[in-house]
């Protein structure tokens, strides 16, 4: 291990650090290689893919209608047990924070469920947040959904702040994220 | 990208599975070669296990301290399995503190213990990028190179694969049986830190999710450069200790 003298080792270290500093300077992100915020993608740091779906009353609701608010998009199905178990917690947190601008959009993936079952389930739990119906599975596709439930916490700027795949989400998690998202709501 | 493996009705989180496999493989290798560092294998296992438990508890505690009202309103959430309710920074801090206390109490030589734990760290240096590849995290910057991968709406550098390859090279270099028998305690650990900091410094340039702090400077490169400088000094100090 004594192949180099102390002096040679110091010179080598300085050279390594100078090369490292030059590389760091040369590889600065001056072109904005972090494309988050520009491209819609279901990933933290990216713009949440927009969608327009019908609610129970047949009215069209778009995600972009809620720009400026803190939004939780939850993709669910009535037959999915974790989805069923996290819904009461979502309702509780929605009740607690809706006046401050917290929105829950519960997107039923109707292409893998039935509208009647989804409505019956929502009524049985007295859910008051909007239930939207993804009849053709276009939202499931846009969000590259791989498991039920999938949840996306979206900031007031439309950027995804957190993705939670699977469930059920603990009520504390919902509360913590709602509070964090609302910090960005004016 | 494969964030979930669906087995029957169960959705298995692939990144978590890869990380668990990494810990298990790394720990098995570390235990096998612990005697090279004159550390008892069972002590090393107990240290790793208690550190892991302390890290998880610390990570949850850290979130509880930051958002006490959420847990006062929902006490059952304290034992929730949601990984999103874990704070990695708090977890690492508590795990380091717990590790220090354990080594002191068991009178383990800290530098030799760090050397003996290198297989765990080096295997995790491969497992973490693979877990990121499965989840789509730590993604690369857009590129036109032929080996770019389609991810998050663009052709991108496969930055996770670059990091995994660097991890394999580092594991090969720090493999316990490749080290000189007369190396001072702590030299292997310092070597590992130098190699890892160097790899981060080099490969962060290809990341598409860098935290840019000012005028395009990437924060991870700045931190890696500082760690590199400190560990190069440490390497020199271990090889040429000042005579008292």
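Structure above, values below:
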item	result
Cα-based shape type of the range B:1-136, given that a ≥ b ≥ c are square roots of the gyration tensor eigenvalues and the cut on a/c is 1.5	oblate
Length added when fully stretched, residue B:56-residue B:40, from 0.36 nm per residue minus Cα-Cα	3.3 nm
Inter-label distance for residue A:25 and residue B:66, nm, one decimal - labels placed 7 Å from Cα along Cα-to-Cβ	3.5 nm
Where only alpha carbons of the range B:1-62 are counted, the Rg and the Dmax (Å)	15.4, 47
Whether chain B is rounded, prolate or oblate, judged on the alpha carbon gyration tensor where a/c under 1.5 counts as rounded	oblate
The range A:52-182: C-alpha gyration tensor shape, a/c 1.5 cut-off, then a/b vs b/c	rounded
Kirkwood hydrodynamic radius over Cα pairs of the range A:109-186, then Stokes diffusion coefficient at 10 °C and 1.306 mPa s, in µm²/s	111 µm²/s
Whole-Å distance, taken between Cα centres, linking the range B:184-203 and the range B:27-52	20 Å
Residues B:50, A:6 arranged by fewest to most Cβ contacts within 10 Å	A:6, B:50
Contact order relative to length of chain A, as percent, for alpha carbon pairs under 8 angstrom and 6 or more apart	27 percent
For the range B:110-166, the fraction of alpha-carbon pairs in successive 5 Å shells from zero, as %	5, 20, 22, 17, 12, 9, 7, 5, 4, 1
Globularity ratio of the range B:40-108, using Cα Rg and 2.2 N^0.38 Å	1.27
Equivalent ellipsoid semi-axes, the range B:90-185, via Cα gyration tensor eigenvalues times 5, rooted, Å	35, 18, 8
Stokes-Einstein diffusion coefficient of the protein assembly as shown, Kirkwood radius over Cα pairs, 20 °C, 1.002 mPa s, in µm²/s	89 µm²/s
Residue A:112-residue B:78 FRET efficiency (beta carbon distance; Förster radius 41 Å; 0.05 resolution)	0.75
Chain B: most fluctuating residue of B:65, B:101, B:29 per GNM, C-alpha cutoff 10 Å	B:65
Translational D in µm²/s for the range A:1-116 (Stokes-Einstein at 20 °C, 1.002 mPa s, Kirkwood Rh from C-alpha pairs)	111 µm²/s
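Read-outs throughout are calculated quantities, based only on the coordinates presented, and are distinct from any laboratory measurement. Just so you know, these numbers come straight off a predicted model, no measurement behind them. Note that each Cβ is placed from the backbone with ideal geometry, even for glycine, and that neighbours are counted across all protein chains shown.
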